[in-house]
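The values are calculated or read from the model by the stated rules, or taken from the named source; none is laboratory data. Quantities reported herein were computed from a predicted structural model and do not represent experimental measurements. As a convention, Cβ positions derive from the backbone with ideal geometry for all residues, glycine included, and neighbour counts pool all protein chains shown. Calculation scope for accessible area: heavy atoms of the full protein, side chains included, ligands and nucleic acids excluded. Shrake-Rupley method; radii C 1.70, N 1.55, O 1.52, S 1.80 Å.
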Amino acid sequence: MPTSAADLLSAAYNDADRTIDLRRRLHRRPEIGLQLPQTQAMVLEAFGDLPVEITTGKTTSSVVGVLRGARPGPTYLLRADMDALQVYEDTGLPFASEVPGAMHACGHDTHVAMLLGAARLLAERRDEIAGQVVFMLQPGEEGLHGARYMLEEGLLDVVPGAPVSGAFAMHTISTMPSGSINVRPGPTMAAADQWRMTVQGRGGHASMPHTAADPVPVAAEIVLALQSMVTRRVDVFDPAVVTVAHIAAGSRDNVIPEIAFLEGTIRTLSAERRTDVVTAVQRVATHIAAAHEMTLVFEHLAGYPVTVNDPGAAAQVLENARELLGEPAALLMPAPMMGAEDFSYVLEQVPGAMAFLGACPPGVEPETAPANHSNLVVFDEEPLPAGVALYAQMALQNLAG
Ligand SMILES: [Zn+2]
């Protein structure tokens, strides 16, 4: 008989100690970037006694596990990211980071622990599975395109003859009500692009600006023109954010500098808008510089694409959240988040969904809780078994045969 939602949830809660123990061990030893040797070792150890075929990354510390069901069928992917952030932890938790300047401040330790919990539940239920579960454990989610390396190394074809046909990922969020599952169809997280520009002027004496070419007022004009461009050129129903986050020019009060430097971010929710706004930022800035007989060097650093949930997969997540955790826990997100996520690379190739697990700690209001990436962020561990059950349920349902 297939496992009911209630049985799956109670199995996840019965295994909660192991889930939380792994989470805390990871939390003590955070690693940053694409090479996470200690994290990888802990993940391999946790997979140790399970009937899962393991492949490790060639260029990064990624781990791919394949669990084969009792019968043939499609391949479904569950993903967790493993990397930490360059943050000094100030939570005072008993299992706080023991690595100065590194912290699991985005909860990726909770993702790994939940995914391993789901692997244990699924391994016990192989006779209910027609097909394969792929466990994707990626490094370098924090801006280093870890998922892209895994895709290049053949992640989606890890099972010969049965390419990955669906995918699911979860992210814990400290500012959402604990135990809630939050998801939406369509664009869910933004594309993030970085840009840099240098206005090339000509230095001189601050008392005689007409003999120099002052890049400072030109930079100021660019800052304002970019905001006008966004409000006048961008459809409010396909929005964009352009932020100038860093300006640098000059050295003292009586010198006109040679250059002005500006950098910032562009966030968009569709591929079309993304291309359009990147082009517009360059065009507006270049022409303002030209109007003042200066040149401008523009650099665009492409970040992650838009994370787009398949509507069917998002609906399935909501339905499972209701079944597992009750109606109030299943929340349809009213709007996307303007942060970015490199699970977007997977969702560009296979239909699936990314959902957010609320983990606001007890006694704190979600609105005022320190957010993901904060040195003070605390994630409630209570809902982790719910996340384990949801991961497992998504796989069981998509591989029911
Ligand atoms: Zn994250």
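A few comments on the model shown:
- Whole-Hz Karplus values for the range 98-108 come out as 9, 10, x, x, 9, 8, 6, 8, 10, x, 5 Hz, taken residue by residue from phi with 6.51 cos²θ - 1.76 cosθ + 1.60 and θ = phi - 60°; glycine and proline positions read x.
- Multiplying the residue separation of residue 157 and residue 59 by 0.36 nm and subtracting their alpha-carbon distance yields 33.5 nm.
- At the listed q of 0.26, 0.30 Å⁻¹, the Debye profile of the range 37-80, built from one uniform point per Cα, gives log10 I(q)/I(0) equal to -1.05, -1.22.
- Accessible area in square angstrom per residue, the range 1-85, 1.4 angstrom probe: 45 Å²
- Per the Debye formula on identical point scatterers at the alpha carbon atoms of the range 205-304, with no solvent, log10 I(q)/I(0) at q = 0.11, 0.18, 0.22 Å⁻¹ is -0.37, -0.85, -1.14.
- Around the Cα centre of the chain, unit charges on the Cβ atoms of Lys, Arg, Asp and Glu (plus for the first two, minus for the last two) sum to a dipole of about 480 debye.
- Taking the accessible area of the range 238-313, probe 1.4 Å, and keeping the other protein chains in place, the carbon and sulfur fraction comes to 57%.
- Selection among 149, 117, 292 by position relative to the dipole of the chain gives 292 as farthest towards the positive end (Cβ unit charges, Cα centre).
- Equivalent ellipsoid of the range 291-354: semi-axes from √(5λ) of the C-alpha gyration tensor, largest first, are 39, 14, 8 Å.
- Remark: the range 267-272, residue by residue, has Karplus-estimated 3J(HN,Hα) of 10, 9, 10, 8, 4, 5 Hz, where x stands for each Gly or Pro and the curve is 6.51 cos²θ - 1.76 cosθ + 1.60 at θ = phi - 60°.
- Whole-Å semi-axes of the chain's equivalent ellipsoid (Cα gyration tensor): 44, 22, 20
- Within-9-Å neighbourhood charge of residue 171 [Cβ basis; K, R +1; D, E -1]: -2
- Accessible area per residue in Å² at 1.4 Å probe, computed on the range 146-266: 45 Å²
- Candidates 307, 175, 231: whichever shows maximal mean-square fluctuation once the chain is modelled as a Gaussian network with Cα springs under 10 Å: 231
- Per-residue Karplus couplings for the range 53-61, computed as 6.51 cos²θ - 1.76 cosθ + 1.60 with θ equal to phi - 60°, are listed in order as 7, 10, 10, 9, x, 7, 9, 9, 8 Hz, Gly and Pro entered as x.
- The charge dipole of the range 241-364, taken about its Cα centre with unit charges on the Cβ of Lys, Arg, Asp and Glu (plus for the first two, minus for the last two), comes to roughly 200 debye.
- Rounded percent of accessible protein surface that carbon and sulfur make up, the range 54-130, 1.4 Å probe: 52 percent
- Helix 384-398 and the longest principal axis of the C-alpha atoms of the chain enclose an angle of approximately 80°.
- For the range 1-105, average projected area of the Cα convex hull in nm²: 8.7 nm²
- Computed over the range 234-287, the Cα gyration tensor eigenvalues convert (square root of 5λ each) into semi-axes of 30, 11, 7 Å, ordered from largest to smallest.
- For residue 20, net neighbour charge (Lys/Arg +1, Asp/Glu -1) across residues whose Cβ lies under 14 Å away: -1
- Choice from 269, 122, 376 with maximal GNM fluctuation in the chain (Cα, 10 Å cutoff): 376
- Solvent exposure of the range 295-373 as accessible area per residue, Å², 1.4 Å probe: 44 Å²
- Three-way shape call for the range 57-157 based on the alpha-carbon gyration tensor, with the a/c threshold at 1.5: oblate
- Measuring nothing but protein heavy atoms, the accessible surface of the range 133-189 at 1.4 Å probe radius is 56 percent carbon and sulfur.
- Taking the inverse of the mean 1/r over every pair of distinct Cα atoms in the range 1-55 gives a Kirkwood hydrodynamic radius of 13.3 Å.
- Neighbourhood net charge (9 Å Cβ-Cβ; Lys/Arg +1, Asp/Glu -1) for residue 42: +1
- Computed log₁₀ I(q)/I(0) - Debye formula, equal Cα scatterers, no solvent, the range 133-234, q 0.12 Å⁻¹: -0.76
- Dividing the summed -39500 (n - 2.57) terms of all DSSP H runs of n ≥ 4 by the residue count of the chain sets its mean residue ellipticity at 222 nm at -10500 deg cm²/dmol.
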